[in-house]
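Trainee: The structure follows.
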Amino acid sequence: MAHIRLPATSLALLLMATPGLAQELNALVWCDHTDPALIEPFEQKFGVKVNLKEYEGTAAGLAILDQSRPGDWDVLVIDAVDVARAVAAGHLAELPADKLPTADFFPELVMAENNTVDGKTYAVTEKFGYNTISYDKTKVDPADMADMASLTSGKYDGRIGIYDYYLPVLGLVALGQGVNTADITADTLPALKDPLMALRKASKQVAEVVAAQTALATGEVDIVVGGGEWLTAVLAAENPNLDWTIPKQGALRWAQSIGVVAGTSQPDLALEFVNYIVSPEGQAALATSSCYWGMPANAKAGAALSDEAKAVLRWDEQPEFLARAQLYPIPDAALDTAMQDLWTEMLNQ
Amino acid sequence: MTLAARDRRLGWGLLAPALIWTAAFFILPFLAMVALSFASMDGRTVVHGFDPGNYVRIFTDWTMLKALINSLEITLVVTVVSVVLAWPLAAIIAFRVPARWQRLALLLAVLPFWTSYVVRSYSWLLVLGQNGVVNKALLGLGVVAEPLQIVATRSATVIGFVHFFVMLLTLTIYANLIQLSPNYARAAQDLGANRWQVFAHVILPLTLPGVVTGAFLTFVLCIGDYITPQILGGNAELTLPQLIMLQLGRSGNFPLASALSVVLMAVVTLAYFAASRWLRLDRV
Amino acid sequence: MRALSWAYLALAYAFVFLPVVVLVVFSFQDGRLPVPPLRGFTLDWYAKVLADRKLMAALVNSLLVAALSSAVALVLGFLAAHALARVRLPGSALLRGVLIAPMTVSYLIIALGLLSLFNQIGIRPSLLAAGIGHVVINLPLCFAITYAAMGDHQKNAERAARDLGAPEWKVLALVSAPMLAAPLAAAFFLSVTFSWDEFIIAFLLTRFDVTLPVEIWSMLRSGLSPATNAVGSLVFLVSVTLVILLEILVFRRSK
């Protein structure tokens with residue numbers, strides 16, 4: 001019987017080890033928010049537990065919210081360009097605009113046209129960066145990287161990885177064809193198919209964040225299309241040869257916003273969390289999160305970031321980069337489905 | 001009340017919890033999934049109803065059909081290769097290794113089985129990479145001049161799978177071999193059979209139940225797996241489970257994901273009937 | 001022929017152990033990337049992993065789900081096996097088939113089915129939901145193992161106990177179960193290892209509190225790091241300890 005009692009005892013111990021009930025905040029986020037260095041200071045300050053759930057892609061995030069009940073979620077992190085979608089579906093609550101530190105933000109990152117609907121503010125930008133071209137500068141000619149056309153010129157066949165997210169890469173392909181991301185429609189999408197397939201043909205793999213990082217770091221591929229500081233920054237210390245640039249055709253600027261979920265049972269705590277994230281302290285931790293790095297929206301975070309971190313983020317070059325990058329495409333449901341289907345077809349060609 | 005009737009009531013009583021559990025959490029969910037597979041999407045909302053559109057799409061859209069074909073090809077290759085590699089291993093352990101060491105030999109052969117499944121695929125990624133141990137060794141030995149591209153191809157997926165299933169099959173085949181009485185082989189030899197004939201006509205047929213049971217488990221586990229092709233295949237091509245997860249994770253298209261799962265289930269059922277003659281699932 | 005056998009055996013072991021050895025070796029990597037060349041030896045990654053609150057919580061969750069779901073599967077499987085092995089019931093072949101059926105279905109399908117059912121009746125993803133799924137996959141296993149182990153030997157002892165006036169629950173608890181201790185333990189531990197390592201059901205059916213494989217998966221997605229090697233090595237250590245315990249406690253004794 002001894003070996004039966006043993007699991008029973010350890011079970012009891014385990015049960016006792018489970019922490020008691022503290023106030024909890026439920027946040028639906030991207031993976032950069034799961035870094036304890038970001039979350040723990042907030043938990044300690046307010047004596048609460050922050051529950052984090054990651055999701056991938058706006059459609060999946062909205063599907064989770066659709067299936068939830070009011071009060072299930074308190075905070076939502078979402079693609080800045082998709083805030084309006086979440087508002088239309090009734091998932092975001094209005095924020096008190098006067099209490100947000102947007103005056104300290106990089107002006108381009110206030111993004112009022114995205115975060116505000118009918119004059120009401122529903123979200124605030126927290127982080128941004130670029131989907132462009134990452135490469136190993138010892139293995140490719142950096143001059144070639146200034147022109148997207150060189151990717152499919154044949155010179156780099158089999159040495160390219162594509163980041164596995166349809167919106168930015170389709171956006172980049174559009175820029176390569178001289179189509180602005182805002183002009184991608186059901187009519188212009190078919191014209192992107194051939195260039196996308198050509199890019200696929202020249203590439204070795206289509207990979208998610210980690211696989212793309214691994215591939216670049218280990219020399220599996222020399223170029224990652226769709227990459228940027230978020231892909232290479234965490235590797236900068238290990239492999240200083242990794243670099244990124246914005247080609248002459250331009251690049252995409254990604255931006256993520258944070259807001260309070262409609263129906264939350266603790267709006268004050270949720271707002272505190274949002275304010276913490278956009279405070280200089282929260283912004284610095286978010287910018288250098290272990291999952292991926294990115295520029296903070298709040299320019300005052302610069303004081304809380306080390307010089308090395310700022311160098312990796314290219315803090316000083318932001319004005320030029322901001323001027324040359326376009327926002328993500330904002331597809332409606334039908335176009336979104338068409339874009340995803342095109343992407344799936346490309347994956348399985 | 002008669003004794004038989006009392007017994008029968010008792011029997012049903014003991015059986016009921018397991019039957020109810022299986023009905024509530026296996027059969028009912030499956031039916032719910034089948035029902036959902038006939039729903040459709042209007043923008044981002046699910047419209048319930050009876051619409052075979054998802055199935056029509058699976059069999060007419062080349063992207064979907066290709067995923068099914070990929071899955072079948074990979075699974076068949078993995079199953080055959082695993083059996084061919086595992087059979088001699090099981091036989092060597094059963095016939096060459098001294099009896100008192102056999103248990104240890106077997107335990108060692110399946111020990112990596114207990115590394116976390118997700119981590120195992122990840123370590124194959126490290127092993128097979130351009131700068132991985134395998135390529136470093138091949139380059140060092142002068143076998144190849146350029147590092148081999150293994151990761152992000154079908155080969156990597158197949159290697160990852162074969163590694164796992166060789167362990168599984170070694171177990172099922174060994175269990176079968178060890179039950180064979182050496183008298184069979186001796187009798188055949190006495191009757192003038194040479195070693196090859198003994199093997200081909202006596203031992204191999206007798207291990208068929210072990211082989212088929214293991215092969216069927218391999219088929220089921222392999223065709224339904226998401227992790228290995230996702231981590232090792234590098235999206236070079238899509239398998240059915242990857243397509244299902246894409247529909248769930250990115251598009252939120254539950255009806256299409258359900259329909260794809262029903263197709264997957266149908267394939268497995270076909271395999272079951274093909275193998276049923278030799279299957280010994282209640283004797284695993 | 002003999003030499004060839006040993007060579008094959010050596011090659012097979014090399015193949016089987018290759019990823020494990022690489023995993024463990026690079027968990028000591030002094031650097032951010034777990035790929036050659038080895039830059040030195042450090043235990044930092046283990047320290048980091050052991051200090052990771054979320055990872056440790058996931059580990060506890062995994063142990064809880066594995067132990068509880070296996071216990072439920074074992075009890076249900078044992079009772080059902082007893083009923084089918086001892087009582088002549090109409091359609092018993094069909095009943096056996098129904099109970100074994102989940103074994104022939106991909107985990108992904110079980111997970112998706114439960115997900116759509118739970119969505120429709122409003123059960124939210126949780127460890128409990130994942131545990132229910134794990135009972136579904138382990139019940140056939142526990143049933144098959146105990147059913148196969150029930151021989152005539154126990155039948156006589158059970159009958160004797162019944163003749164002496166013992167009620168059925170006493171027969172089960174004091175006669176049948178102790179006589180089947182080894183196969184019951186084997187079924188339990190096998191279930192624990194399956195549940196402990198199961199990914200897709202836990203991935204689709206949990207929300208905040210996740211199991212270890214799901215946590216490892218999100219670690220993997222958030223960056224390549226020797227920390228992942230360290231977790232993998234620790235999991236391996238725990239599992240192997242469990243296997244060796246099982247070997248010593250159960251199988252040695254049963255011989």
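What follows draws every value from the coordinates through simple rules; no lab data is involved. All values reported here derive from a predicted model rather than from experimental measurement. Neighbour counts are summed over all protein chains in view; Cβ atoms, including those assigned to glycine, are modelled from backbone coordinates with ideal geometry.
Trainee: How far apart, in nm, are two points set 7 Å out from the Cα along the Cα-to-Cβ line at A:Arg324 and at A:Ala149?
Mentor: 1.7 nm
Trainee: Something else about it: Using the Cα centre of the protein assembly as shown as origin and beta-carbon charges of +1 (Lys, Arg) and -1 (Asp, Glu), tell me which of B:Phe25, C:Asn138, A:Leu76 is placed farthest towards the positive end of the dipole.
Mentor: The residue sitting most towards the positive pole is C:Asn138.
Trainee: Would you mind calculating the relative contact order of chain A from Cα pairs under 8 angstrom and at least 6 residues apart, reporting the percent as a whole number?
Mentor: Relative contact order of chain A: 26 percent.
Trainee: Counting only helical runs of four or more DSSP H residues, what would the 222 nm mean residue ellipticity of the protein assembly as shown come to if each run contributes -39,500 (n - 2.57) and the total is spread over all its residues?
Mentor: Rounded to the nearest 500, the figure is -18000 deg cm²/dmol.
Trainee: Within 10 Å of each Cβ of C:166-172, how many other protein chain Cβ atoms are there on average?
Mentor: 1
Trainee: Any idea what the dipole of the protein assembly as shown comes to, in debye rounded to 20, about its Cα centre with Lys/Arg Cβ at +1 and Asp/Glu Cβ at -1?
Mentor: That gives the protein assembly as shown a dipole magnitude of about 4680 debye.
Trainee: Taking the Cα centre of the stretch C:62-222 as origin, work out the dipole magnitude from +1 charges on Lys and Arg Cβ and -1 charges on Asp and Glu Cβ, in debye rounded to 20.
Mentor: 320 debye
Trainee: Additional query: Within a 10 angstrom radius of the beta carbon, how do A:Ile160, C:Ile137 rank from fewest other beta carbons to most?
Mentor: C:Ile137, A:Ile160
Trainee: Classify the stretch B:65-283 as rounded, prolate or oblate, taking a ≥ b ≥ c as the square roots of the eigenvalues of its Cα gyration tensor: rounded when a/c is under 1.5, otherwise prolate if a/b is larger than b/c and oblate if not.
Mentor: oblate
Trainee: Helix C:53-86 versus the longest principal axis of chain C: what is the Cα-based angle in degrees, 0 to 90, to the nearest 10?
Mentor: With rounding to tens, the tilt is 20 degrees.
Trainee: Put +1 on the Cβ of each Lys and Arg and -1 on the Cβ of each Asp and Glu in the stretch B:65-283; which of B:Phe199, B:Pro182, B:Ser116 then has its Cα farthest toward the positive end of the dipole?
Mentor: So the residue we want is B:Pro182.
Trainee: Okay, moving on. If we count other beta carbons within 10 Å of each Cβ, what is the order of C:Arg221, A:Arg253, fewest first?
Mentor: The fewest-first ordering by Cβ neighbours comes to C:Arg221, A:Arg253.
Trainee: I need the chymotrypsin sites (Phe, Trp or Tyr not before Pro) found in the stretch B:204-284, filtered to DSSP loop residues with at most 15 other beta carbons within 10 Å of theirs.
Mentor: The qualifying sites are B:Trp278.
Trainee: Also, I was wondering about something else. Loop only by DSSP, 15 or fewer other Cβ within 10 Å of the Cβ. Give me the trypsin sites (Lys or Arg not before Pro) in the stretch A:78-148 that pass, ordered by residue number.
Mentor: Sparse-neighbourhood loop trypsin sites (Lys or Arg not before Pro): A:Lys137, A:Lys139.
Trainee: Next question, about the same structure. Can you give the angle from 0 to 90° between the axis of helix A:190-202 and the longest principal axis of chain A, with both taken from C-alpha atoms, to the nearest 10?
Mentor: Relative to chain A, helix A:190-202 is tipped by roughly 90 degrees.
Trainee: What is the fewest-to-most order of A:Met148, B:Met265, A:Met197 by other Cβ atoms lying within 10 Å of their Cβ?
Mentor: Least to most surrounded, the residues fall as A:Met197, B:Met265, A:Met148.
Trainee: What's the FRET efficiency of B:Leu104 with B:Ala200 using the Cβ-Cβ distance as r and R₀ = 30 Å, to the nearest 0.05?
Mentor: 0.50
Trainee: Report the charge-dipole magnitude of the stretch B:65-283 in Debye, nearest 20, computed about the Cα centre from +1 at each Lys and Arg Cβ and -1 at each Asp and Glu Cβ.
Mentor: For this selection, approximately 440 debye.
Trainee: So which of A:Lys155/A:Lys248; A:Lys155/A:Lys201; A:Lys248/A:Lys300; A:Lys53/A:Lys120; A:Lys127/A:Lys201; A:Lys45/A:Lys127 end up more than 21 Å apart by C-alpha?
Mentor: With Cα atoms farther than 21 Å apart: A:Lys248/A:Lys300; A:Lys53/A:Lys120; A:Lys127/A:Lys201; A:Lys45/A:Lys127.
Trainee: Each label point is 7 Å from the Cα along the Cα-to-Cβ direction; what then is the distance between the points at C:Leu94 and C:Ala157, in nm?
Mentor: Reported label-point gap for C:Leu94 and C:Ala157 is 3.5 nm.
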